[in-house]
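Derivation of every value follows stated rules applied to the coordinates shown; laboratory data play no part. Because the structure is predicted, anything quoted here is derived from the model rather than measured. Virtual Cβ from ideal backbone geometry, glycine too; neighbours counted across all protein chains shown.
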Amino acid sequence: MTDFNNPLAKVRGLGSAKQGSAAWLTHRITAIANVPLVIFFVVSFVGNAGKGHAEWVAWLKQPLVSVLLILFIANFTHHMRAGLKEVVEDYIQSHGTKFTVNLLITFVCVLIAGLSIFSVLRIAFGG
């Protein structure tokens, strides 16, 4: 069978979308931003180990702690979404399935971030 398409026509729509480097850079920046946040919370959690509920609430009501926790939640969920999206785009071939899974990933990540940030704010403001 003879194929009359030129080489460019064969690969059109299959090449670079000019977004690979931006996704790569975003993933690296969020990973780097997570490092000091994770270190802060690991040290803080170890320091608060064995304390009661009231002490944990008092610790979380501190403005710096609340802000850092909200930043961590937002950054972590964005990093998680970017990583999962990359896995889906690399390993799922069907465009419909890829779109559906990416939509589900985005929805779940936004839900996790929203509920977590709401919980931190509710504790921080004594609700």
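Laid out as a table, the results:
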item: Lys, Arg +1 and Asp, Glu -1 on Cβ, resulting dipole of region 20-124 about Cα centre, debye, nearest 20; result: 200 debye
item: Rounded to whole Hz, the Karplus (6.51, -1.76, 1.60) HN-Hα couplings of region 114-123, x for glycine and proline; result: x, 5, 5, 5, 4, 5, 4, 5, 5, 5
item: Lysine pairs in the chain with Cα atoms under 19 Å, if 8 or more residues apart or on separate chains; result: 5
item: Correct choice for volume of the Cα convex hull per residue in Å³ that was computed from the model, options (1) 103; (2) 176; (3) 132; result: (3)
item: Taking 53, 27, 79 and counting other C-beta atoms within 10 Å, the order from fewest to most; result: 53, 27, 79
item: 69, 104, 37 arranged by Cβ crowding within 10 Å, fewest neighbours leading; result: 104, 37, 69
item: Paramagnetic reach from residue 49 (point 7 Å along Cα→Cβ, amide N under 15 Å) across region 56-91; result: none
